[in-house]
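The values are calculated or read from the model by the stated rules, or taken from the named source; none is laboratory data. No experiment lies behind these values; they were computed from the predicted model shown. A quick note on method: Cβ atoms are made from the backbone with ideal geometry, for glycine too, and the neighbour counts reach across all protein chains shown.
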Amino acid sequence: MTFDWKSYLELSSDLEKQATNSDDNREAKLRSSVSRAYYSAFHEARKLLCREIANFESNDYYRNHQAIIYQYESANEKTRKALGADD
């Protein structure tokens, strides 16, 4: 069974709401929320590249976060290139 990384984005939103409505563990909830959102985006971006690039999934190099970012930074398409931008 494959994991649905979009559920991490939903969890991120839930944690952010919990942090907003409570003082208990506020910083931990916010940090966890950001982390879950990042990993959701990373794995969804990687999944898209896996569908488009032959042998992408089997190449260990592409499990590296910087390699995924590079693929988007070096894209010809303007929107995709913006995804890899470090602004």
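Hey, among Asn21, Asn55, which residue is at positive phi and out of contact with any Ser or Thr (no Cβ under 9 Å at 6 or more places or on another chain)?
Sole residue among the options that is at positive phi and out of contact with any Ser or Thr (no Cβ under 9 Å at 6 or more places or on another chain): Asn55.
Tell me which helices (runs of 4 or more DSSP H) are completely within the stretch 21-87 and hold 2 or more residues being at pLDDT below 80, or say none if there are none.
Result: 78-83.
How many residues does the stretch 1-10 hold that are touching a Ser or Thr at 6+ places or on another chain (Cβ under 8 Å) and either at pLDDT below 90 or among the aliphatic types (A, V, I, L, M) (or both)?
1
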